[in-house]
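See below for the structure under consideration.
Taken together, the values in this text are just the output of simple stated rules run on the coordinates, not laboratory data. Everything numeric in this text was worked out from a predicted model, so none of it was measured. Counting neighbours? That spans all protein chains shown, and the Cβs are built from the backbone with ideal geometry, glycine included.
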Amino acid sequence: MNIIWARSIVSVVLLAVLCAVVGALVNIKAALVLAIVMLLAQSTFSTFHKQRLWRLLDAPVYGEVPSAPGIWGEIYYRLHKLAKRWHAQVRQVEQQHSRFIQAIQASPNGVAMLDDHDQIEWCNAISESHFGLDAKRDLRQHITHLVRHPDFVRYLNSHRYEEMLIMRGMGDKRQNVLSVQVFPYGENRKLVLSQDITELERTDAMRRDFVANVSHELKTPLTVLSGFLETMRELPLSEAERSRYLELMEQQASRMRHIVSDLLVLAKLEGDNKPPSDQMIDMRAVLRHLRDDAQSLSSDHHRIVFDADEGLTVTGVETEILSALGNLVTNAIRYTPDGGAIKVHWHAQGGHAVFSVTDSGLGIPAADIPRLTERFYRVDRSRSRDTGGTGLGLAIVKHVLQRHDAQLDVKSEEGRGSTFTVRFPVYRTARRQPAPV
Ligand code: ADP
């Protein structure tokens, strides 16, 4: 301000001195004309720059400083500096805002912001898909006009948001479950957070079913056992009867032992790391085991044929592969009446190692095939119990194969037999060098 005043005073004084000199040297008229011309020039000059300033304030240019002599140059320069600082600040705020939006978009949860009238101010893509919203189209729409689920409307209007709301029947297929919670903030605004808990609910239901199944499976032999114990304690039994009862009790105990041991195998499979993809298993040894076990289980009551490419192998965990393939072979024998045939096949097909067991046994109804690998699922309870099954064998097979990225395919015809085929991925299929002679 001081500089401006000083400069103005200096220019007025200079003009006055110039006019005085011209007045003294020429005449008063010339001095007057000079003063008028100078004042006109000054006023034109400042009008020009005022207009330029006006335009600049309307649409600031951040690139270059307009040049002008004297005080106007100074004004432009300072204004330019100010505009640049503002511009940088605005850009910083814009970047922060866009990073903030990106972070909320990246959130696995739905986030919707409502204004003080419960109208949608903003929502992320997850919230759009949870509630079937369109962030652009539905902007400023009252949320209950779009999310009409009665539970949600009631919850929002209740103004009691300490607990979350569970919304069922959501999504395109009306099969999803959402957990929703409202968090009030600012001036009567609300944040609606949503999470898809369909999978969580499903695994929770599966866990409950599983616990119920395990309890049921163990309860049956336990009840039988305690029944026998009571009989032995209360009734006078002959030696033959006593040994018969002890044998039956031993059967029930062994049944429970098998169930517990299969459950432990499953638990271990679920907790273990993925099998290595660079460790070749000794397939010759596995096939030998399978053949020996099959023969001892069948006790020559079946025709068993092994057709195997012994150089072919896969990578993974040998004990797991042996248990999975062993389960398929023993099932084939257990569910094939005496005199039937079992064929085991181990060959490469299109780069995949393929293992298959075909039996001429009882077969499986088509409706049961998709459920075979469920824990404790049996096609025929009495049939499975007769053969000492736990109902967990194919669940173990499924787990082992999943861990090795292999596929299980079941083809069966009731009364004619079944074929269980395992197809290993190409990246796990390998070939062993023949042993040096
Ligand atoms: P289990 O211990 O009862 O044999 P699994 O999980 O091994 O349990 O098999 C599940 C059910 O699938 C069995 O109860 C049986 O009914 C049926 N199943 C499995 N393999 C065969 C097969 N080769 N032939 C006929 N039925 C089979």
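A few notes on this one:
- Remark: the stretch 283-431 carries a charge dipole of roughly 260 debye about the Cα centre, counting +1 on each Lys and Arg Cβ and -1 on each Asp and Glu Cβ.
- Each Lys and Arg contributes +1 and each Asp and Glu -1, all at the Cβ; summed about the Cα centre of the chain, the dipole is approximately 2280 debye.
- Within straight-line cross-link reach of LYS219, aspartates and glutamates at Cα separation under 17 Å, skipping those fewer than 8 residues along the same chain: ASP209, GLU230, GLU250, ASP262
- Principal-axis tilt of helix 70-106 within the chain, Cα atoms, nearest 10 degrees: 10 degrees
- The stretch 308-437: radius of gyration over Cα atoms, expressed as a fraction of 2.2 N^0.38 Å: 1.09
- In straight-distance terms, cross-link reach from LYS81 covers every one of the lysines whose alpha-carbon lies under 26 Å from its own, apart from those fewer than eight places away in the same chain; here that gives LYS50.
- Using alpha carbons only: equivalent-ellipsoid semi-axes of the stretch 202-271, gyration tensor based, whole Å: 33, 14, 5
- Options LEU114, GLY271, SER98, ranked by Cα towards positive dipole end of the chain, top entry (Cβ charges): SER98
- GNM on the chain, alpha-carbon springs under 10 angstrom: the most fluctuating residue among LEU235, LEU156, LEU312 is LEU235.
- Charged-residue dipole, Cβ positions (Lys, Arg, Asp, Glu), the stretch 153-259 about Cα centre, Debye nearest 20: 460 debye
- Nearest 10 degrees, 0 to 90: helix 198-234 Cα axis against the chain principal axis: 30 degrees
- To the nearest ten degrees, helix 239-271 and the longest principal axis of the Cα atoms of the chain are 20 degrees apart.
- The alpha carbon radius of gyration of the stretch 2-100, expressed as a multiple of 2.2 N^0.38 Å, is 1.64.
- Diffusion coefficient, µm² s⁻¹, Stokes-Einstein with Kirkwood Rh over alpha-carbon pairs of the chain at 20 °C and 1.002 mPa s: 69 µm²/s
- Estimated from the Cβ-Cβ distance and a Förster radius of 22 angstrom, the FRET efficiency linking THR198 and LYS136 is about 0.25.
- Cα-projected label distance for GLN92 with GLU234, points at 7 Å along beta-carbon direction, nm: 8.8 nm
- Model label sites at ARG78 and MET256, defined 7 Å from Cα along the beta-carbon direction, differ in position by 9.5 nm.
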